[in-house]
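Participant: Have a look at this one.
The values are calculated or read from the model by the stated rules, or taken from the named source; none is laboratory data. Computed from a predicted model, the values in this text were never measured in an experiment. Cβ atoms come from the backbone with ideal geometry, glycine included; neighbour counts cover every protein chain shown. Please note that ligands, DNA and RNA were not included when accessible areas were found on the heavy atoms of the full protein model with its side chains. Shrake-Rupley method; radii C 1.70, N 1.55, O 1.52, S 1.80 Å.
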Amino acid sequence: AVDARTGTIKWKYRPKAPDYGVRVAALMKGVVVADGKVFFVLRDNRLQALDQHTGQLVWETKLTDHPRATTTAAPTYHDGLVYIGSAGGDGGARGQIGAYEAKTGKEVWKFYATPARGERGAETWEGDSYRFGGGTVWTIPAIDPDLGMIYFGTGNAAPNYDGAHRGGDNLFTASIVALDLKTGAYKWHFQEVHHDIWDYDAASAPLLADVTYRAQPRKILMHAGKTGFLYLLDRTNGQPLIGIEERPVPQAVQRRRFHAL
């Protein structure tokens, strides 16, 4: 923390990381300050809160124990909750985003972007491929307090370029997803690339705007996709504002070769 008028350093904080050393914070991409605290995450998936005035650690919460997950983005704060997802999809981490109490760090809700058996979208994953399916939420979300929704993009499916063992559309990878702010309940999704095998993750953050379209006020979400398209969605329901034609394409027959040793 630095005094903006004089440049005097008021306090410093170095995270304790016996396993990672100084590299533990190397990929951290920023902090958020609210409720008298400074919130940030470490790459080993620890969300921390410091006292804004003293730099003392107030609380720490482990976001996930997934062996391939890492966390790098800056958190997002709104109305007493801190929102943060995890990265590591290229290595096969299972995507997630959660909300945590700003006062205590207690988890309020968690949403998995790669659903397990019995969850919405589970039928779009072959076998147990969801367990290392990617779809991480490694960019910052957008929040609409009036609609009570949070919107975020998801990462590519894993393995990046090989879909041989993860048949199906692989929801909710390469998608825009909307959840209830307070509960994490599913609201809607729009998948930009079905069964992604091109590493076309939703790498940019969504942008919200209120516009007039065809003489009608509309609440929209804009997202620039790796496909080269700018997606314009109605953020109340996820429907394309202009319309997107879904065209079926020929599917390659999966051939698996086995070699005798």
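Participant: Across the stretch 207-249, what is the number of residues that are surrounded by 12 or more Cβ atoms within 10 Å (Cβ to Cβ), part of a strand (DSSP E or B), without any contact (Cβ under 8 Å) to a residue 40 or more places away in the chain and out of contact with any Lys or Arg (no Cβ under 7 Å at 6 or more places or on another chain)?
Facilitator: Residues in the stretch 207-249 being surrounded by 12 or more Cβ atoms within 10 Å (Cβ to Cβ), part of a strand (DSSP E or B), without any contact (Cβ under 8 Å) to a residue 40 or more places away in the chain and out of contact with any Lys or Arg (no Cβ under 7 Å at 6 or more places or on another chain): 5 in total.
Participant: Which count do you get for residues in the stretch 33-54 that are surrounded by 14 or more Cβ atoms within 10 Å (Cβ to Cβ), touching a residue at least 40 places away in the same chain (Cβ under 8 Å) and not charged (D, E, K, R)?
Facilitator: Within the stretch 33-54, residues that are surrounded by 14 or more Cβ atoms within 10 Å (Cβ to Cβ), touching a residue at least 40 places away in the same chain (Cβ under 8 Å) and not charged (D, E, K, R) number 7.
Participant: Which condition does residue 139 not pass, out of (1) touching a strand residue (DSSP E or B) at 6+ places or on another chain (Cβ under 8 Å); (2) assigned to a helix (DSSP H, G or I); (3) of a type outside the set (Gly, Ala, Ser), if it passes all the others?
Facilitator: Going through (1) touching a strand residue (DSSP E or B) at 6+ places or on another chain (Cβ under 8 Å); (2) assigned to a helix (DSSP H, G or I); (3) of a type outside the set (Gly, Ala, Ser) one by one, residue 139 breaks only (2).
Participant: Still on this structure, please answer the following. Select, from 104, 136, the only residue that is at pLDDT 95 or above and among the hydroxyl-bearing types (Ser, Thr, Tyr).
Facilitator: One residue alone meets the criteria, 104.
Participant: Test residue 183 against the criterion of being in a loop (DSSP other than H, G, I, E, B) and modelled with pLDDT of 95 or more, and give yes or no.
Facilitator: For residue 183, the condition - in a loop (DSSP other than H, G, I, E, B) and modelled with pLDDT of 95 or more - is met.
Participant: Continuing with the same structure: Which condition number in (1) assigned to a loop (DSSP other than H, G, I, E, B); (2) over 15 Å from residue 46 (Cα atoms); (3) more than 17 Å from the chain's Cα centre (by Cα) is the one that residue 123 fails?
Facilitator: Evaluating residue 123 over (1) assigned to a loop (DSSP other than H, G, I, E, B); (2) over 15 Å from residue 46 (Cα atoms); (3) more than 17 Å from the chain's Cα centre (by Cα) leaves (1) as the failure.
To keep it simple, each residue is scored yes or no on (1) hydrophobic (A, V, I, L, M, F, W, C); (2) under 14 Å from residue 112 (Cα atoms).
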| position | (1), (2) |
| --- | --- |
| 147 | yes, no |
| 154 | no, yes |
| 164 | yes, no |
| 167 | no, no |
| 171 | yes, yes |
| 174 | yes, yes |
| 189 | no, yes |
| 194 | no, no |
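Participant: Considering 55, 7, 36, which residue is of a type outside the set (D, E, K, R), at pLDDT 95 or above and in contact with a His (Cβ under 8 Å, 6 or more places away or on another chain)?
Facilitator: Sole residue among the options that is of a type outside the set (D, E, K, R), at pLDDT 95 or above and in contact with a His (Cβ under 8 Å, 6 or more places away or on another chain): 36.
Participant: Can you find, within the stretch 58-87, the residue that is modelled with the highest pLDDT among those that are in contact with a Gly (Cβ under 6 Å, 6 or more places away or on another chain) and of a type outside the set (S, T, N, Q)?
Facilitator: 59
Participant: Using the structure shown, decide if residue 164 is modelled with pLDDT under 90, of a type in the set (A, V, I, L, M, F, W, C), in a loop (DSSP other than H, G, I, E, B) and surrounded by fewer than 16 Cβ atoms within 10 Å (Cβ to Cβ).
Facilitator: So residue 164 fits the description; yes.
Participant: Hey, another quick one. Of the numbered conditions (1) open to solvent by less than 30 Å² (accessible area, probe 1.4 Å); (2) under 30 Å from residue 161 (Cβ atoms); (3) of a type outside the set (Lys, Arg), residue 65 satisfies every one except a single condition; which is it?
Facilitator: So the condition that residue 65 fails would be (1).
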